[in-house]
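See below for the structure under consideration.
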Amino acid sequence: MAARQVYTRNYHTHMRRENAQQGRSGQMYVYGNTVTKPEYEPERRERRAERPKKRLSRETRRNRNAALHMNPGYVIFLTAAAIMALIICVNYVSLQSKLTEHSKEITSMQEELADLREENTTRENSILDSVNLEEIQEKAQNELGMGFATSDQIVEYDNPASDYVKQYDNIPEDGVLAKSE
């Protein structure tokens with residue numbers, strides 16, 4: 001009885017899907033006195049007849065047992081290969097974690113460098129803003145006795161054809177190389 005219910009349920013499920021694919025509205029009832037065969041009949045599985053077991057010869061059984069037996073050298077080789085693979089995997093994961101750690105450290109150092117550069121620029125701008133040239137001029141003239149250069153203190157230099165100057169002697173202490181009269 002349970003098998004028939006499963007078959008009926010599967011059949012109805014199949015018919016609903018098929019009707020939905022063909023655009024029919026899930027009607028399962030056929031009007032009239034003649035019911036046609038469904039377009040789909042489920043395939044029936046036939047049970048295969050079990051083959052009688054053949055008796056294995058003694059040599060065949062011995063060969064099968066020998067094939068199942070593993071040589072100690074082969075077992076040692078497989079164990080060594082598995083251990084090497086495990087070591088390689090562990091080292092790979094370790095290197096990946098170190099790489100991630102270094103990457104995060106580099107990122108934090110780059111952020112710190114950007115902050116320090118910004119702070120340096122801010123301080124430089126504040127220093128430049130705090131410098132008052134009029135105050136410096138007043139202090140130089142009044143406290144240090146400095147003044148503007150007079151015309152006899154100004155020495156003009158004629159630039160020769162070449163772009164460099166050769167210095168043969170040291171510059172004297174008073175700073176005057178030659179006087180023209």
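The values are calculated or read from the model by the stated rules, or taken from the named source; none is laboratory data. Bear in mind that the values here come from a model prediction, so they are computed numbers and not experimental data. Using ideal geometry, Cβ is built from the backbone for each residue, glycine included, and neighbour counts are taken over all protein chains shown.
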- Message: If I go through region 55-77 residue by residue, how many of them are surrounded by 10 or more Cβ atoms within 10 Å (Cβ to Cβ) and part of a loop (DSSP other than H, G, I, E, B)?
- Response: 1
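For region 160-167, does any single residue satisfy the condition of being loosely packed, with under 10 Cβ neighbours inside 10 Å, in a helix (DSSP H, G or I) and charged (D, E, K, R)?
no
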- Message: Here are the criteria: (1) loosely packed, with under 10 Cβ neighbours inside 10 Å; (2) modelled with pLDDT of 90 or more; (3) among the charged types (D, E, K, R). Tell me which single one Arg117 does not satisfy.
- Response: (1)
